[in-house]
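Have a look at the structure below, then the notes.
The values are calculated or read from the model by the stated rules, or taken from the named source; none is laboratory data. Bear in mind that the values here come from a model prediction, so they are computed numbers and not experimental data. Positions of Cβ are backbone-derived with ideal geometry, glycine not excepted, and every protein chain shown enters the neighbour counts. For the accessible areas, the whole protein counts, side chains as well, though only heavy atoms, and no ligand, DNA or RNA atoms are used. Shrake-Rupley method; radii C 1.70, N 1.55, O 1.52, S 1.80 Å.
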Amino acid sequence: MKEKREDLVENLFSHGYIKTQKVRKAMLQVPREEFMPPENRSYAYLDRPLPIGKGQTISAPHMVAIIAEKLDIREGMNILEIGTGFGYNAAVVSEILGNKGHIYTIERIPSLAEMATENLAKTGYKDRVTVILGDGTLGYPEKAPYDRIYGTASAPNVPEPLKEQLKIGGKLIIPMGSHNYFQDLVSVLRISKDEFQVQNLGGVAFVPMIGKHGWPED
Ligand code: SAM
């Protein structure tokens with residue numbers, strides 16, 4: 001598995017998805033197979049999203065790399081993730097943050113939040129990643145403000161509570177747009193209390209973000 005992981009990471013590097021050594025090192029460190037259901041583990045080092053149950057997926061590695069690079073994560077930051085899944089992306093971000101940083105990650109489906117908590121514990125990230133069960137479109141005001149916020153599910157608009165919980169100078173990245181997988185990855189930089197600079201980073205395909213400031217449940 002380690003060799004396959006190295007091959008995948010070098011591929012992502014040579015294709016320009018991974019640009020920095022900090023993201024490269026983090027993705028070399030985190031065993032993606034430990035964040036997948038047993039029946040899919042042999043596919044862990046394909047650059048693809050894969051099912052984790054309940055109609056949800058573990059994000060493709062190139063997407064994890066793109067978001068990590070665009071977020072410009074630095075050691076010691078306070079970060080919020082919306083959409084934990086099985087916890088892989090949070091583990092990669094935690095590697096970059098080091099032990100002075102922390103990532104709070106919110107998942108709305110109880111069985112996924114439980115599995116993520118187990119996966120993060122067995123791989124050694126328990127103290128640096130906190131999994132919260134709930135509606136991530138409300139953010140997590142208890143630990144705000146955040147240096148960085150990112151979503152791994154797609155919302156119709158940038159949820160207002162997430163903008164409010166971002167530090168001035170902080171950055172938020174979220175897939176935005178149609179429920180049916182035609183979306184843009186949007187970056188929002190908070191310039192001042194009321195000013196936000198929005199940039200479109202290009203087309204993506206994520207599962208819907210369901211919640212009060214997201215899509216309604218079917
Ligand atoms: N970060 C994950 C990874 O490491 O692969 C990606 C998981 S998947 C692409 C997106 C997740 O977002 C799903 O598990 C889904 O249940 C969750 N989700 C959707 N809407 C949500 C919401 N409002 N709050 C929290 N989680 C949500």
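Loop-located chymotrypsin sites (Phe, Trp or Tyr not before Pro) in the range 123-196 (DSSP state other than H, G, I, E, B) with a sparse environment of at most 15 neighbouring Cβ atoms within 10 Å: TYR181, PHE182. Here the label points at ALA205 and GLU69, each 7 Å from Cα along the C-beta direction, are separated by 2.1 nm in the simple model.
Highest mobility in the GNM of the chain, judged by mean-square fluctuation with C-alpha springs under 10 Å and restricted to HIS102, HIS62, HIS15, is found for HIS15. By how many degrees, between 0 and 90 and to the nearest 10, does the Cα long axis of helix 88-97 differ from the longest principal axis of the chain? That helix lies at roughly 80 degrees to the long axis. Would the range 94-218 count as rounded, prolate or oblate if I go by the C-alpha gyration tensor, calling it rounded below 1.5 in a/c and otherwise prolate when a/b exceeds b/c, oblate otherwise? The shape class here is oblate. By definition, a body whose alpha carbon gyration tensor gives a ≥ b ≥ c is rounded when a/c is under 1.5, and the chain falls into this rounded group. Nearest 0.05, what FRET efficiency do LYS4 and ASN99 give at R0 = 22 Å with Cβ-Cβ as r? After rounding to 0.05, the efficiency reads 0.20.
Beyond 31 Å between alpha-carbons counts as too far, so tell me which of LYS122/LYS163; LYS22/LYS212; LYS171/LYS212; LYS54/LYS193 fall in that bin. Correct reply: LYS122/LYS163; LYS22/LYS212; LYS54/LYS193.
Listed by chain and number, the lysines whose alpha-carbon sits under 19 Å from that of LYS126, ignoring those within fewer than 8 places in the same chain, are LYS100, LYS143.
Considering only GluC sites (Glu not before Pro) in DSSP loops that have at most 15 other Cβ atoms within 10 Å, the longest stretch of the chain without any of them is 76-194. Rounded to 0.05, the FRET efficiency of the SER192 and GLU217 pair, given R0 = 35 Å and the Cβ-Cβ distance, is 0.50.
What the chain shows is 47 Å² of accessible area per residue, with the surface traced by a 1.4 Å probe over protein heavy atoms.
With a Förster radius of 30 Å, plug the Cβ-Cβ distance of ARG48 and ILE168 into 1/(1 + (r/R0)^6) and report the FRET value to the nearest 0.05. In this case the efficiency is close to 0.20. Here the accessible area of the chain is 50 percent carbon and sulfur, with a 1.4 angstrom probe and all protein chains present.
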